[in-house]
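As structure tokens, the structure follows; a few thoughts come after it.
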């Protein structure tokens, strides 16, 4: 009746916390490095008979994939999610001849050392944000790793330096033009790497800093305008990046009409709304 | 430095409730038809100057797109989300020469008439499930509408008739084989329409019924096996569908080890877990 | 410096699925009864030294409480959450002399047998709603069980028979009066039992039916008015209930102003909003 | 049949963003203060006839309460949520003779100025955490304001200095003792104020700092032990606080058993789990 077309399978939401315990030395205390990762592994390959006849002889159980994450993490020297994702992907290709392609996604939570008396406490952390540091790697057997790093859920807001004027007016237009509005967004950003950089973490830090700095200093004529200039700034600062894609849904903050109460609203009182939400997405390529 | 590549924008999370009030007649009470839709509109086209110079002269504001949803809904005769999505898309293409492509997604909530004394109450509803009925339509200027309907969040469970044996065992295997396990999933299903059917609602009802019936009656040798046979059954029952894609993440229900307490567990006591989660996805084409 | 005052501890989010497998007999197929429960156990008692000096000698670990849920479920004859909650509470009191008071809360998901050819399939379920059936029991050592059953997340909507007029108007009023509005709510309902009923499930079914029927047939002059009459109807129908408390937050559905587009809106086009939300709560006692 | 007992009503999820724009002066740039608050207002009073007969003549509509938040915010000098909550409560009591008691809850999001070149950018913010700063005030007509401030969702983690030993062992015990475990929690903390402090913000900062510092430096023998010592430290540091209540659900991080793979796990590889979750709650009073 039909035939099996595209298919893939694997394990998602494999949660891993790894603690590397550096010994105290000289007058330095024992510092612990802790990372929390959420891993997804997906395989493509010669799995047709499992679908059509229930023959599982080429199926690596997703439970085993989960075990693979923990076992490899034990001995891994990787200290970035990019490196660990490639290590996982390579292991699965090397050990499963029936697999033609593997993809590994990792999300890292924003744990940071707590400040005690102004100094980072060596073994205590707090979660500073919903922001996730992401990576997605893919490799076809015989090919190279494609690496896409990113940041998910970067929530930022400008109280000024944001305009929106000069747009189309038609019979369904009710939005007034404004030369000073709040610009808030929960940005999702991903970038493609042309080559493996010297340091994944340093690169990521530079991207994040360029995004925040450009967003802060930009005089925005539209969300599109800001996306473009943020992308330009990142490409300029980071030669290893070949493209950057940004999604910036508007978190609208609407000025409240206080006129019925005999009051003005000098750009002071707003109602933040989650829906509806403007949605703007673009890729800037080198 | 860089150049603008793929980009699109629009409005998401536009919530619409429409009530059509049929008059009472003969001895029938006034029945109200109510639908709750969540709409997303996205445009592609000649928007480059907005990104690069902040020139908004070709930008239809996302606020106006929101107004378009409400204004068109007022006069629309569409009584399915598929038809309304096409109506919205066509309006945006017809009225915006700078737009080259439009996509419209609609999610419909599972409101159903409440039963009172065994009869559907004509004007009272309850929300029977997290399940969403979905549609995504796309049209390039000058082309035809591509229509993809679907169901999101169909949570189903079999307490028997599900095996998993015969899979690869390697040094990282710990999963025991089983000939009787619980199979639970939160399925996401989408199907592509080869042509516009006589009745979108009847087609959707048939698909949903085939999915549930096949899932219930299937003797599953793996999630993949079930996905395949569900897909076959749908393609067989609905000639207007050219392909169906299913994602069936495993909602694992793990037997609890009661041996430490001197008890057996005759497939009776389970712990449902949300993570990690098996992830299986496949497309069946005619 | 300070002293330990009120305190309690325990285990929350203990998820349990239990499958009772009835044998096939005569011409009836093997029917499985499946329930999914989420359990919370909390203890009060003589635990002060744990807080003040870290002496854990009177602490029953929360991990052991989790084990208690699974071990008792294995042999339990309870087929309602009310009975199992009492069984758990009694076990903890009987086996822990240092405990003065125990509370057990259980939420039950709305799994229902799937209909296949119009008949309930004996071993296949779907999740029909976000609604949870709840119970909270408490017992002080030497006292009686207090039993509070409930329904959480009952989402219902009336498209007519709901007014709101005659309220206070002051200088901050902008709401227009209406004699025909949409009334939607996500109701939370709990009721106190004067005595243990003959059948907990039958009682619960009657309460739910009275709530839905009264909500449907009521001509509502305010949310408060409906809450009151729903409560009266339940108390009238179920003698074993001594009080009922209902919370009915308004899920506002606001008529869209289409006048700017030259269109009327004959109570037809609405925007559902999640926030802000009216909040109305009351207890009706016998 | 029944009679109306406890009842209250109001508006929840009233979202307010207020921007105070300080002018540039000397060489300082124009700094904007921005706060995002989520407000809930609840009234008790003489509302019985609304319930029993649908007489709304004493009902202040919840829509008007929402307007009250925005109108008062416009002219308010309050720059803490505590002060604004009292201002709102007092206004509602002063203008509604039928109201006997009012409660106002406010949650404040953790927006912080973005760092650009190491300096806080005057008009750009990022959301640094899911943590909410909370306040709940209540006042009976003729009484004083009760003020309870708090922090909701403070997610913290220690990689060492946490033991759990010496607890009860019974036939359902499977948990091994440990002298070095991960201690992670999503703490909810509230404190009662004996009097209005000189500065609400300074007090809140001191509490938060004492919580984090004590949590970091504590050698924990149990969650209870840590709660107690954190509470002591806060009471000692902040004389204006009369009691503090803390809830510290365990976010369990379980060591993974790598023995089946021939590997040890020197307290290095963990699986974080959301459920089940230990739940510990206590109040420390002066």
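The table below lists the values:
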| read-out | value |
| --- | --- |
| Alpha-carbon centroids, segment C:223-286 and segment B:176-219: separation in whole Å | 35 Å |
| Normalised per residue, the volume of the convex hull around the Cα set of segment D:22-85 (Å³) | 104 Å³ |
| Ascending count of other beta-carbon atoms within 10 Å, so fewest first, for C:256, B:20, A:39 | B:20, C:256, A:39 |
| Per-selection Kirkwood Rh - segment B:114-155 (Cα, Å, 1 d.p.) | 13.5 Å |
| Solution diffusion estimate, µm²/s, Stokes-Einstein, segment B:154-285, Kirkwood Rh from C-alpha pairs, 10 °C, viscosity 1.306 mPa s | 97 µm²/s |
| Among C:58, C:27, C:236: highest mean-square fluctuation, GNM of chain C, C-alpha pairs under 10 Å | C:27 |
| Value of Rg/Rh across chain B [Cα atoms, Kirkwood radius] | 1.06 |
| Nm distances between copies for residue D:90, ranked from closest, using label points 7 Å along Cα→Cβ | 5.6, 6.2, 6.8 |
| 7 Å along Cα→Cβ, label-point gaps from residue D:24 to other copies, nm, shortest first | 5.2, 7.0, 8.4 |
| For residue C:209, label point 7 Å along C-beta direction: distances to other copies, nm | 2.8, 6.4, 7.0 |
| Tilt relative to chain A, helix A:200-217 - C-alpha long axis, 0 to 90 degrees, to 10 | 10 degrees |
| Rg followed by Dmax, in Å, when segment C:1-119 is reduced to its Cα trace | 19.0, 73 |
| Residue order, fewest to most beta carbons within 10 Å, for C:99, C:116 | C:116, C:99 |
| Amide N proximity, segment D:104-127 versus residue D:141 label position 7 Å along Cα-to-Cβ, cut-off under 14 Å | none |
| Per-residue mean of C-beta atoms belonging to partner chains within 10 Å, peptide C:243-250 | 3 |
| 0 to 90° range, to nearest 10: angle between helix A:223-237 axis and chain A longest Cα axis | 50 degrees |
| Alpha-carbon radius of gyration plus Dmax, which is the widest Cα pair, for segment D:1-53 in Å | 21.6, 73 |
| Sum of -39500 (n - 2.57) over DSSP H runs of 4+, divided by residues of chain B (222 nm, nearest 500) | -7500 deg cm²/dmol |
| Alpha-carbon centroids, segment D:18-68 and segment B:96-148: separation in whole Å | 35 Å |
| Where labels lie 7 Å past Cα in the beta-carbon direction, separation of residue B:119 and residue A:171 in nm | 4.4 nm |
| Axis-proximal residue, chain C, for the rotation superposing C on A (Cβ, Å) | C:274, 4 |
| Rounded tilt (10° steps) of D:81-95 against the dominant C-alpha axis of chain D | 30 degrees |
| D (Stokes-Einstein, µm²/s), Kirkwood Cα radius, the protein assembly as shown, 1.306 mPa s at 10 °C | 49 µm²/s |
| Added length on full extension, which subtracts the Cα-Cα distance from 0.36 nm per residue, residue A:28 to residue A:263 | 78.6 nm |
| Cα-projected label distance for residue D:101 with residue A:76, points at 7 Å along beta-carbon direction, nm | 5.5 nm |
| Peptide B:182-189, shielding by other chains (average Cβ, 10 Å cutoff) | 1 |
| Descending Cα extents along the principal axes, segment A:212-286, whole Å | 56, 24, 16 |
| Per-residue Cβ neighbour rank within 10 angstrom, fewest leading, A:253, C:50 | A:253, C:50 |
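Every number in this text was worked out from the coordinates using simple rules, so none of it is lab data. Quantities reported herein were computed from a predicted structural model and do not represent experimental measurements. With ideal geometry, Cβ positions are generated from the backbone for all residues, glycine too; neighbour counts draw on all protein chains shown.
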